[in-house]
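Reviewing the structure listed below.
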Amino acid sequence: MKYEEAFRELETIVNQIEDGEISLDELSEKIKRASHLLNFCKSKLISTQQDVEAILKDLED
Amino acid sequence: MKYEEAFRELETIVNQIEDGEISLDELSEKIKRASHLLNFCKSKLISTQQDVEAILKDLED
Amino acid sequence: MKYEEAFRELETIVNQIEDGEISLDELSEKIKRASHLLNFCKSKLISTQQDVEAILKDLED
Amino acid sequence: MKYEEAFRELETIVNQIEDGEISLDELSEKIKRASHLLNFCKSKLISTQQDVEAILKDLED
Amino acid sequence: MKYEEAFRELETIVNQIEDGEISLDELSEKIKRASHLLNFCKSKLISTQQDVEAILKDLED
Amino acid sequence: MKYEEAFRELETIVNQIEDGEISLDELSEKIKRASHLLNFCKSKLISTQQDVEAILKDLED
Amino acid sequence: MTENYYTLSQITEHVRKLISRTYTQEYWIKAEIAQLNYYPKSGHCYPDLVEKNETGVKAQIRGVIWKGSYERILEKFRNTTGRQLTEGMEILFKARLDYSSSYGFAFHISDIDPEFSLGKMAAEKLKSISRLKDEHVFFANKALNFPFFPKRIAIISVETSKGFHDFKNIVDNNTRGYRFFYMLFPALLQGDEAVDSIAFQLERIRKVIRHFDLVAIIRGGGGDVGLNCYNDYNLARLVATFPIPVISGIGHSTNETVVEMVAHKNAITPTDLAYFLQQKFDNIAVGLDRMKAILQSVPSDQIADSKNLLYKLGERIKNRQQLYIHHKNEQLFNAQIRLLKYSKRFIPHKKESLLSKSLKLSQLPTNRIARNQESLHFLSSHLKKSSKHFIKSIWQKTHHTEEKITLLDPVEILKKGFSITRVNGKIVKGIKEIKEGDLIENQFSDGKTESKILKISK
């Protein structure tokens, strides 16, 4: 999965919850999903950040 | 590749990053590319400078 | 080649460089050409000068 | 060639040289021509002067 | 030719020479002509003088 | 020729001569004529040639 | 038969006495002399005196002038008027009326007033002048051109007259040798007969007029008597209208006569007339001499001037050709100087512009490369900054989302003391959905409970 897709799905879930469109019964399920997506994004972000920093470091030389 | 093209592409990438027009998924790739272009331009400049200096040195004699 | 053509071409190149109309990629080529033209003009000037001086010397006597 | 034509041509050449209206390529040729015209005019002037003096000498008798 | 015509032609030539209206090429020819006219006028004057003197001599008797 | 005509013609010629109106070419011819007229006029002043017989005859008619 | 009668002598005697008693003195009387009746032998004169009007004789009476009176009266009359007593003349005379038995009435004239006749003559003269003027002939002869060469002269004179003699003397013996041609047309020159005589000769001259240049009327030595003929209208008219000029030389001391007035010229005396003509010749001779002098000098001068002009022209040719050639030489020299000057300048000038190009060429590329390096460096640093910023902003978004999820998680809500009530597994959102005695399930953050509804209150 791509970061952008993940982040968009995450945003969609947050919006649905905020708007009260989700029943209490589904809620915990959604939250679980969101939590999973968030973790995915974070790890993606971290790895990207590491890559970029490495490249930019080379650049300065 | 020509210096001018490389420079223009480099400029484009910098602008895209600045304007947030690219996705995180592309970022490292883009920066890699930018780094490559930068190095290309640098070396091109140096070689041109050397050439020119050589020519002009002949001229002055 | 004629002196005037050479000089005009030289002038054109100098103007182009001055106005930034030349890409870096062409630069060394153009300068090589300009250098060539410059040398051509110089030698032409010198040989003409010799001719002229010879003729004028006859005249002055 | 007539004196007046020669003189006019000479003057034209001198004016062209003065005004920088001729190319370097033509210069030595032009000066050679001018030199030739000058000599032609001189000798014509001298011979005319001699003729005229001879005629006028007859007149005084 | 008449004296008056000859004299006028002579005058014209002198004026032309004076005003620089004749070319050097014509000069010796013109002066030859002038010399001829001058001699013509002189002899005409002398013969007229003789005629006039003869007539006036008759008158006094 | 009538006396007055002769005198007037003489006067005309003399005036022309006096005013320098006569060209040198005409001069001797004019003076010849003037001389003739002058002699004619002078002789008329001291001559007597009148035909009395003719008058007497006319008177009788 | 009538017995009472007188003898003729008785009557005439009576008349004579009457007259002599009545006309005791002399009177001044005006009358015309009809006939002079002068008798040279006796020396007496018996003029018939008349007064005329338009129709004829109005009155007539005889006059008597005795010899002694006549001579005295006539001398005085002639001296004053220059005239004889003539028939037709009106006079003012002093007379006594006399009656003689044998001769009848007569005026014994003792005096004649010459002043009266003089006035009469003057009046007649004025009349002639005004008439000639009225007829536009008074100036006719004067208007003629005087002959340029008055050589042929028709002379009206008398062979024996002193005037004619004087004239001839001057004209024939002039020192300059002029020759005039003249012909005498003899005529009476004074007295009343002169009018016809002169007129006759003028007519003769008219016949041969082509032979003559002018007419001269010459009279001399006759004194001032008998000149009234020259005031005669007819004679004056003839002279005025004569086709060639008439000159008068009548020679008198009295006033100018009408003939003299209308003549082309009045020379006064014959001598003057001769000199006048001679003067005309003189003028011509002087003119001829002057012209001869001009002829002798001017053409020679003209020739001399022409020679001089010619000489000057020759000199000018010599000088001008020298100037001309000198000028050409100068032109050539100038051209040469300029050729040298500008030819020498030409190449250094070209070198200069070449040098300026060369200078530019050595500077411009270095500048250019330096500029490129700068912009490359700028881009590089920009790239770093933007990349870091990019990642940072994504981190921010992620953190924000994480916070939201945390807040929305129900577990977190339950932890704060809330619980979820269910009836038959269904979440209860209000008390309407339950009734007393229902079995409900309560879920807490850390477990579940089951309980029964005892009472519902609102």
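The values are calculated or read from the model by the stated rules, or taken from the named source; none is laboratory data. Every value quoted in this text rests on a predicted model; they were computed, and no experiment measured them. Here Cβ is always computed from backbone atoms with ideal geometry, including for glycine, and neighbour counts include all displayed protein chains.
Some values worked out for this structure:
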read-out	value
Unmet requirement for B:M1, which otherwise passes all of (1) free of Cβ contacts under 8 Å to residues at least 24 places away in the same chain; (2) surrounded by fewer than 15 Cβ atoms within 10 Å (Cβ to Cβ)	(1)
Matching entry among G:L355, G:L273, G:L339 (being modelled with pLDDT of 90 or more, assigned to a helix (DSSP H, G or I) and either under 30 Å from D:K42 (Cβ atoms) or within 13 Å of chain F (Cβ to nearest Cβ) (or both))	G:L339
Search result, residues across the stretch G:72-111 that are more than 27 Å from G:K125 (Cα to Cα) and either in a loop (DSSP other than H, G, I, E, B) or of a type outside the set (A, V, I, L, M) (or both)	G:R96, G:D98, G:Y99, G:S100, G:S101, G:S102, G:Y103, G:G104, G:F105, G:F107, G:H108, G:S110
Any hit, the stretch G:203-219, residues being under 43 Å from the mean Cα position of the chain (by Cα) and farther than 27 Å from F:V52 by Cβ	no
Residue match in the stretch G:383-394 (condition: under 30 Å from B:K57 (Cβ atoms) and within 11 Å of chain B (Cβ to nearest Cβ))	no
Residue within the stretch G:163-185 that is within 14 Å of chain F (Cβ to nearest Cβ), in contact (Cβ under 8 Å) with a residue 40 or more places away in the chain, part of a loop (DSSP other than H, G, I, E, B) and more than 19 Å from G:T269 (Cβ to Cβ) present	yes
Residue check, G:L295 out of contact with any Phe, Trp or Tyr (no Cβ under 8 Å at 6 or more places or on another chain) and either of a type in the set (F, W, Y) or closer than 30 Å to D:E21 by Cβ (or both)	no
Failed item, numbered, when G:T175 is tested on (1) within 30 Å of G:L85 (Cα to Cα); (2) hydroxyl-bearing (S, T, Y); (3) surrounded by fewer than 23 Cβ atoms within 10 Å (Cβ to Cβ)	(1)
Filter result for the condition that a residue is more than 14 Å from chain F (Cβ to nearest Cβ), of a type in the set (A, V, I, L, M, F, W, C), in a loop (DSSP other than H, G, I, E, B) and without any contact (Cβ under 8 Å) to a residue 40 or more places away in the chain, over G:L126, G:L188	G:L188
Matching option when the condition is within 41 Å of the chain's Cα centre (by Cα), more than 10 Å from chain F (Cβ to nearest Cβ), more than 21 Å from F:E26 (Cα to Cα) and at pLDDT 90 or above, among G:K312, G:K280	G:K280
Set B:F7, B:F40: member being crowded, with 18+ Cβ neighbours inside 10 Å, part of a helix (DSSP H, G or I) and more than 9 Å from every other protein chain (Cβ to nearest Cβ)	B:F40
Selection within the stretch A:43-52 - facing another protein chain (nearest Cβ under 9 Å) and either hydroxyl-bearing (S, T, Y) or in contact with a strand residue (DSSP E or B) (Cβ under 6 Å, 6 or more places away or on another chain) (or both)	A:S47, A:T48
Qualifying residues in the stretch G:49-79 (those that are among the acidic types (D, E) and farther than 19 Å from G:D111 by Cβ) - the one surrounded by the fewest Cβ atoms within 10 Å (Cβ to Cβ)	G:E54
Number of the condition not met by E:I55 [criteria: (1) hydrophobic (A, V, I, L, M, F, W, C); (2) closer than 21 Å to G:D301 by Cβ; (3) more than 10 Å from chain F (Cβ to nearest Cβ)]	(3)
From the options G:I325, G:I303, G:I369, residue that is out of contact with any strand residue (DSSP E or B) (no Cβ under 6 Å at 6 or more places or on another chain) and under 30 Å from F:R8 (Cα atoms)	G:I303
Failed item, numbered, when G:T12 is tested on (1) surrounded by fewer than 12 Cβ atoms within 10 Å (Cβ to Cβ); (2) part of a helix (DSSP H, G or I)	(1)
Selection status of C:T12, touching a residue at least 24 places away in the same chain (Cβ under 8 Å) and either within 24 Å of B:T48 (Cα to Cα) or crowded, with 16+ Cβ neighbours inside 10 Å (or both)	no
Residue in the stretch B:19-34 that is more than 9 Å from every other protein chain (Cβ to nearest Cβ), in a helix (DSSP H, G or I), touching an Asp or Glu at 6+ places or on another chain (Cβ under 8 Å) and surrounded by 14 or more Cβ atoms within 10 Å (Cβ to Cβ) present	yes
